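Written below as structure tokens is the structure these notes are about.
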Amino acid sequence: TGPSLMSATMPTITRAQFNSGKAIEFLTQIQNKDGSFGNAPMLTDWAAVAFGSSQGETPAKTKLKNYLLTNPDPGNLLTDYERRAMALEALGIDPYAGTSTNYIQKIADSFDGQQFGNKDLINDDIFALVALISAGYRNTDNEIRQDIAFLLQNQKSNGSWGDVDLTAAAVQALSQVATTNDVKDAMGKARAFLVAKQEDSGGF
């Protein structure tokens, strides 16, 4: 078969471009009157992370910040504290003292010398790394060094940390501390895993 036949039989793939502005518009339309989102703390926290990526101040963003400053209960799991810390950081609120709860201390208190929280889970270690680095921890701090080592030890042979979602989160976390060959190699393997999981539509 020649090139002309190949081009005639191969489907044309159109990859959708993500429009962050429209995503923020959508969130604004479904925001609750008190500034929160949905009926669960995690929905508001993740919305805060999304709003943190947008430029400038808007009424919706201000209302969300004011809501989080009242320190609504995020839950009592370590991942709840980590998620809330990331939400506060995304909106420029001090996770140490911006609310009545010191969320960074909550995270630090869960460190057992090797990892954060439940040793049988990996998501709490991934989110701890994101929150702590954003809060001013350095990759030379013992907690960070140990957490990185724990994450690398738990990477699977296929380059993942389980599924696409968790692997993408791990890449985001490790990208903040990608100063050693071990971390760079781990991220390269994770990238290969994610590329292999991408569908023709561009999604995963």
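You can think of it this way: the chain between Asn19 and Thr70 has 15.3 nm of extra reach, that is 0.36 nm per residue less the Cα-Cα gap. Considering only Asn123, Asn158, Asn32, the Gaussian network model of the chain with Cα springs below 10 Å gives its largest mean-square fluctuation to Asn158.
Within the accessible surface of the chain, defined with a 1.4 Å probe on protein heavy atoms only, the carbon and sulfur portion equals 51 percent.
Projected label points at Asp34 and Ser201, each 7 Å from Cα along the beta carbon direction, are separated by 3.5 nanometres. Looking at the chain, the accessible area is 57 square angstrom per residue; that uses a 1.4 Å probe and ignores ligands, DNA and RNA.
In debye, nearest 20: dipole of the chain around its Cα centre with unit charges on the Cβ of K, R (+) and D, E (-)? List each step's numbers first, then the result.
Details: 17 positive and 23 negative charges, 114 e Å.
In total the dipole reaches around 540 debye.
Each residue of segment 166-181 was assigned a 3J(HN,Hα) from its phi angle through the Karplus expression (A = 6.51, B = -1.76, C = 1.60, θ = phi - 60°), giving 5, 5, 4, 5, 5, 4, 4, 5, 6, 5, 6, 10, 7, 10, 10, 5 Hz with x at Gly and Pro. Sparse packing (at most 16 other Cβ atoms within 10 Å of the Cβ) combined with a DSSP loop state is found for the following trypsin sites (Lys or Arg not before Pro) in segment 139-184: Lys156.
Taking 21 Å as the straight-line reach from the Cα of Lys33, the lysines in range (excluding those fewer than 8 positions away in the same chain) are Lys22, Lys61, Lys63, Lys65.
Listed by chain and number, the lysines whose alpha-carbon sits under 22 Å from that of Lys189, ignoring those within fewer than 8 places in the same chain, are Lys156, Lys197.
The modelled label-to-label distance for the pair Gln172/Ala97, using points 7 Å beyond Cα in the direction of Cβ, is 2.9 nm. Using 0.36 nm per residue and subtracting the Cα-Cα separation, the extra length available between Asn142 and Asn118 on full extension is 6.8 nm.
The values are calculated or read from the model by the stated rules, or taken from the named source; none is laboratory data. Please read all numbers here as calculations on a predicted model, not as lab measurements. For neighbour counting, all protein chains shown are included, and Cβ atoms are generated from backbone atoms with ideal geometry for every residue, glycine included. Protein only, heavy atoms only, side chains kept; ligands, DNA and RNA dropped before computing areas. Shrake-Rupley method; radii C 1.70, N 1.55, O 1.52, S 1.80 Å.
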